[in-house]
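For reference, the structure I am asking about is given below.
The values are calculated or read from the model by the stated rules, or taken from the named source; none is laboratory data. Nothing here was measured: the structure is a model prediction, and the numbers come from that model. No Cβ is skipped: glycine too gets one built from the backbone with ideal geometry, and neighbour counts run over all protein chains shown.
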Amino acid sequence: MTLARSMLRNAMILGVFAAVTTGMIAGFNQLTSARIEASRQEELAKTLNTLLPASEYDNALLTDTLTIQDDTLLGHQVPETVWRATRQGQPVAVLFPVIAPDGYSGRIRLLVAIRANGEMAGVRALAHRETPGLGDAIEAAKSDWILGFNGKSLQNPDESGWQVRKDGGVIDQFTGATITPRAVVKAVHLALLYYRDHREMLFTPAPHPEKS
């Protein structure tokens, strides 16, 4: 076998090996990505259902969505997803992220669920950097304080009541910490105001694509 033919043969072998390896890696990545996405969707569903049990709606909550962006009331710096819950075609609740920009250690990312009648179904802290042992009491796993928003609305309490007690409102702050609960209370109140002003838009069904 000449040197040229030997080199060609080796090049072909390496080429086949590279193609097979590339295909295997691509297939593995695709399979891994699918599993990661499925896991992400499962965790998202669990989070949403923590605030609104699946027994309360009958639509595909994870796909019945729209995108909003509001920096004034919701603190959004980028477009955010709204999940709409309905039952037999009737509005049940909307769930969407809210940012409290003025936490003790920076921005606090919340998830709020507001029922069709304007009452809070619940609030959860999704991300924050508040002080461990003090500000992190906004986490449901650390304290039941965040559960106090359940059932509240713009009428319960009234405008003046939507503050921590230290500021003259009716909502408790934490022992030794006021800035964190103050920021969360303000953000939740603003979310209710946003819902009041945009309820019709939030529940408007997504348009169906036109058939060609």
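Restricting to the range 37-91, what's the tally of residues that are in a helix (DSSP H, G or I), surrounded by 11 or more Cβ atoms within 10 Å (Cβ to Cβ) and small (Gly, Ala, Ser)?
Matching residues across the range 37-91 total 2.
When residue 109 is evaluated against the numbered criteria (1) farther than 29 Å from residue 45 by Cα; (2) without any contact (Cβ under 8 Å) to a residue 24 or more places away in the chain; (3) among the charged types (D, E, K, R), which criterion, by number, is the only one it fails?
It is condition (1) that residue 109 fails.
Can residue 131 be described as modelled with pLDDT under 95 and among the polar types (S, T, N, Q)? Steps first, answer last, please.
On the way: modelled with pLDDT under 95: yes; among the polar types (S, T, N, Q): yes.
So residue 131 fits the description; yes.
Quick check on my filter: what residues within the range 131-182 are of a type in the set (A, V, I, L, M, F, W, C), part of a loop (DSSP other than H, G, I, E, B) and under 22 Å from residue 105 (Cβ atoms)? Please lay out each step first, then the result.
Within the range 131-182, the subset of a type in the set (A, V, I, L, M, F, W, C) is 134, 137-138, 140-141, 145-147, 149, 154, 162, 164, 170-171, 174, 177, 179.
With part of a loop (DSSP other than H, G, I, E, B) added as a condition, the list becomes 134, 140-141, 154, 162, 170.
Once the filter is applied, which keeps residues that are of a type in the set (A, V, I, L, M, F, W, C), part of a loop (DSSP other than H, G, I, E, B) and under 22 Å from residue 105 (Cβ atoms), the range 131-182 yields 134, 140, 141.
Scan the range 122-147 residue by residue and report those that are at negative phi, out of contact with any strand residue (DSSP E or B) (no Cβ under 7 Å at 6 or more places or on another chain) and small (Gly, Ala, Ser).
Passing the criteria: 141, 143.
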